[in-house]
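Asker: Starting off with a structure, shown below.
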Amino acid sequence: MLLISPSTRAADRTKVNNTTNLNNAGSWTGGVPDLSNTAVWTNAVTGANTSLLGGDVSWQGIRIADPGGLVTIGPGSTLTLSSGPAGISIDMSAATQSLTIQSGLTIKTAVGQLWNIASGRTLTLNTGLFTRSTGATLNVQGAGTVNATSIVNDTNGLIGTWATIGAGTTVRYATMDGSSNIIGYTSGTAAATAAGVTDTTGLVNYDLAAVGVIGTGASFNTLRYTGAAGTITGNFTANGILTSGSGALTLSGIVTIGASGELVLTNGDSSSARDMIFSGSIRDGARGISSLTKAGLGNLTLSGANSYTGLTTISRGKVSLTSTGTLGSTSGGTRIGLSGRLSLAGGVTTAESIWLDDVTNAFSGGLLIENIGTNTLTGAIRISSSTRWQSSGTLNVTGGISTTNGNSGSSFVVQAATIMNITGKPLALGGSGTLYMDNGGKTIVLGVVGSTYGANSLYAGTLQTNVANALSTFAAINFSVNYAASSATLDLNGFDQSVGAISTGTYSIHSTYDRVITSATAATVTTGLLNTN
């Protein structure tokens, strides 16, 4: 399993009782919010409060707690929102006051946003420009109101296939009413069984009550499934599917992505009753390169040989792969957002490039990649900041793991499969990057020359080399971390290695805290001038 965590879990940024621009440290306690932090208005703000952004800013999220009056973010510049704990981007679930945003507002790439608005509270978006970035999705919950003059419906009467309101059996696609409020779309065309899905224009939004054989040549905009567990057979074209029924929905035919060029698949919530299983295949539509976006908590299983050529985005929930070739063409790539998860069910090989998105603190957090049994990743893997892998079984990685942060690097925190084999291409974590192990009973096997990173934190488990010069030559190997110590092993396995230094901290003289450098056959480890032991 791969775990990530935004550092908001460690620290919010609390608004000070002033009107100083929000990009200024004087406006906050703890520093200016960023993608690692949620901006919070508490009773430290004693009355109605209006502040300007002061420039374009990016925050993890917003939480309105108990300020003394209406909170307003004034006009000018653009606020980009990611998501915080539990995927929440705007948290007004316990707010005592309302929030107005008059600046531009962008929902960030590949982020599954949740806006939760309490009864009696209003989120008003009088934004200069509202932008949905690629692969972003939105779910609105709570009994409050979202009023948004800057959001408009598409030609099919919805905000988009990427926007929903509610959860479970009450979830619906979102639409704007005549007063610019976001509400549930209730004008769907009712179909008693799949045979009643007969539109060929690509414009109709269906509410489907039961499965069966879908109408010949069906091409519709969306399908909201409200029935019991079952299978829809037959081929069709669509832009979006939403599950809000009482049982899992299986689709066994060929699904062609519609005119939007993006198929958005949304689970109504995390219950298995809202799962989706695609046992057929998904392919590009007439538009050409087409993408797949996973939205909503819950599980989407892909088991067929899919051929769509665009990007796969997992913005929220889990995508389970049960066979090879299910993520579409390898040219498209896969991006896993903060609230997304990719599960490898065993016997799966995927050559997709995978981007693990927007991670800022890898010491706790949400699961991004789940490894079950033996699986192989042959595509390039990119990590944004800090990433934690944690799983069972055996995971083979051959396409390389690199940072998108340049020399600033990434922390690659590995509680990997019982055995994680890294071959083919090396680790490239940046000069300030760290290879970090802190889970006993796990083994990383480095079988490729030329990895680059600044430090090895070997707190627990075994780091084994299967080739000479597998370790970063300028990295210090630290047999402890600054919060604890445990037993850990560097196994040279008969291969000479050169490293920047070797160091350890002593917490107790006890076998529990043994730090071991070993090799079954003769091998030499050469340390540099940084050696502190």
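The values are calculated or read from the model by the stated rules, or taken from the named source; none is laboratory data. Everything numeric here is computed off the predicted structure, so don't read it as measured data. Don't worry about glycine lacking a Cβ; one is built from the backbone with ideal geometry, like all the others, and counts go over all protein chains shown.
Asker: Scan Thr186, Thr169, Thr222, Thr175 and give me the residue that is modelled with pLDDT of 95 or more, farther than 19 Å from Leu302 by Cβ and out of contact with any strand residue (DSSP E or B) (no Cβ under 8 Å at 6 or more places or on another chain).
Answerer: After applying the criteria, what remains is Thr169.
Asker: When the range 450-471 is examined, which residues are found to be in a loop (DSSP other than H, G, I, E, B), within 30 Å of the chain's Cα centre (by Cα) and buried (at least 19 other Cβ atoms within 10 Å of the Cβ)?
Answerer: Going residue by residue through the range 450-471, those that are in a loop (DSSP other than H, G, I, E, B) are 450-451, 466-471.
Remaining after also requiring within 30 Å of the chain's Cα centre (by Cα): 450-451, 471.
Passing the criteria: Ser451, Leu471.
Asker: Take Leu429 and tell me if it is crowded, with 21+ Cβ neighbours inside 10 Å, part of a strand (DSSP E or B) and under 21 Å from the mean Cα position of the chain (by Cα).
Answerer: The answer is yes for Leu429.
Asker: Kindly indicate which of Ser432, Ser457 is in contact with a helix residue (DSSP H, G or I) (Cβ under 8 Å, 6 or more places away or on another chain) and either among the small types (Gly, Ala, Ser) or over 14 Å from Asn493 (Cβ atoms) (or both). Can you show your working first?
Answerer: Values: Ser457 fails: in contact with a helix residue (DSSP H, G or I) (Cβ under 8 Å, 6 or more places away or on another chain).
On inspection, the qualifying residue turns out to be Ser432.
Asker: Give all pairs with beta carbons closer than 7 Å in which a residue from the range 44-70 that is touching a residue at least 40 places away in the same chain (Cβ under 8 Å) meets a residue that is surrounded by 20 or more Cβ atoms within 10 Å (Cβ to Cβ) and of a type in the set (D, E, K, R); count only pairs at least 6 apart in sequence or on separate chains.
Answerer: Matching pairs, first to second residue: Gly61/Asp91; Arg63/Asp91.
Asker: Looking at (1) under 26 Å from Gly166 (Cα atoms); (2) modelled with pLDDT of 95 or more, find the lone condition where Leu297 falls short.
Answerer: (2)
Asker: Would you mind finding the one in Thr201, Thr169, Thr161, Thr149 that is of a type in the set (S, T, N, Q), surrounded by fewer than 19 Cβ atoms within 10 Å (Cβ to Cβ) and within 12 Å of Leu242 (Cα to Cα)?
Answerer: Sole residue among the options that is of a type in the set (S, T, N, Q), surrounded by fewer than 19 Cβ atoms within 10 Å (Cβ to Cβ) and within 12 Å of Leu242 (Cα to Cα): Thr169.
Asker: Against the condition part of a strand (DSSP E or B), aliphatic (A, V, I, L, M) and either at pLDDT 85 or above or more than 22 Å from Thr394 (Cβ to Cβ) (or both), how does Val516 come out, does it pass?
Answerer: For Val516, the condition - part of a strand (DSSP E or B), aliphatic (A, V, I, L, M) and either at pLDDT 85 or above or more than 22 Å from Thr394 (Cβ to Cβ) (or both) - is met.
Asker: Taking only pairs six or more apart or across chains, which ones have beta-carbon atoms under 6 Å, a first residue in the range 123-143 that is within 12 Å of Ile107 (Cβ to Cβ) and at pLDDT below 95, and a second residue that is of a type outside the set (Asp, Glu) and assigned to a loop (DSSP other than H, G, I, E, B)?
Answerer: Going by the 6 Å Cβ cut-off, the qualifying pairs are Thr127/Ser150.
Asker: Additional query: Which one is farthest from Asp34 (Cα to Cα), of the residues in the range 54-70 that are under 21 Å from the mean Cα position of the chain (by Cα) and aliphatic (A, V, I, L, M)?
Answerer: Checked the range 54-70; the qualifying residue farthest from Asp34 (Cα to Cα) is Ile62.
Asker: Separate question: Looking at (1) at pLDDT below 95; (2) outside any strand (DSSP E or B); (3) of a type in the set (A, V, I, L, M, F, W, C), which is the only condition Leu342 fails?
Answerer: (2)
Asker: Among the residues of the range 397-408, are any buried (at least 22 other Cβ atoms within 10 Å of the Cβ), in contact (Cβ under 8 Å) with a residue 40 or more places away in the chain and within 24 Å of Asp357 (Cβ to Cβ)?
Answerer: no
Asker: Being among the hydroxyl-bearing types (Ser, Thr, Tyr), within 22 Å of Thr38 (Cβ to Cβ) and in a loop (DSSP other than H, G, I, E, B): is that true of Thr161 here? Explain how you work it out, then say what you get.
Answerer: Details: among the hydroxyl-bearing types (Ser, Thr, Tyr): yes; within 22 Å of Thr38 (Cβ to Cβ): no; in a loop (DSSP other than H, G, I, E, B): yes.
Here the answer is no, as Thr161 does not meet what is asked.
Asker: Also, I was wondering about something else. Tell me, which strands (runs of 3 or more DSSP E) lie completely within the range 233-305 with 2 or more residues that are polar (S, T, N, Q) and either under 18 Å from Arg316 (Cβ atoms) or in contact with a helix residue (DSSP H, G or I) (Cβ under 7 Å, 6 or more places away or on another chain) (or both)?
Answerer: Ranges flagged: 262-267, 291-295, 299-302.
Asker: Is it true that Ala190 is of a type in the set (A, V, I, L, M), over 31 Å from the mean Cα position of the chain (by Cα), in a strand (DSSP E or B) and surrounded by fewer than 20 Cβ atoms within 10 Å (Cβ to Cβ)?
Answerer: yes
Asker: On to the next question. Tally time: how many residues in the range 104-122 are modelled with pLDDT of 95 or more, surrounded by fewer than 24 Cβ atoms within 10 Å (Cβ to Cβ), over 16 Å from Val40 (Cβ atoms) and touching a Gly at 6+ places or on another chain (Cβ under 9 Å)?
Answerer: 5
Asker: Right, something else. Against the condition of a type in the set (S, T, N, Q) and either buried (at least 20 other Cβ atoms within 10 Å of the Cβ) or in contact with a strand residue (DSSP E or B) (Cβ under 7 Å, 6 or more places away or on another chain) (or both), how does Thr334 come out, does it pass?
Answerer: Spelling it out, Thr334 is indeed of a type in the set (S, T, N, Q) and either buried (at least 20 other Cβ atoms within 10 Å of the Cβ) or in contact with a strand residue (DSSP E or B) (Cβ under 7 Å, 6 or more places away or on another chain) (or both).
Asker: Can you give me the number of residues within the range 432-449 that are farther than 23 Å from Thr521 by Cβ and either out of contact with any strand residue (DSSP E or B) (no Cβ under 8 Å at 6 or more places or on another chain) or surrounded by fewer than 20 Cβ atoms within 10 Å (Cβ to Cβ) (or both)?
Answerer: Looking only at that region, the number is 4.
Asker: Mind counting the residues in the range 37-70 that are surrounded by fewer than 23 Cβ atoms within 10 Å (Cβ to Cβ), under 18 Å from Gln113 (Cα atoms) and polar (S, T, N, Q)?
Answerer: 1
Asker: A follow-up question, please. Are there any pairs with C-beta distances below 6 angstrom linking a residue in the range 471-490 that is under 18 Å from Tyr453 (Cβ atoms) to a residue that is at pLDDT below 75, with the two at least 6 apart or on different chains, and if so which?
Answerer: Listed by first residue and then by second, the contacts come to Ala476/Leu530; Ser480/Gly505.
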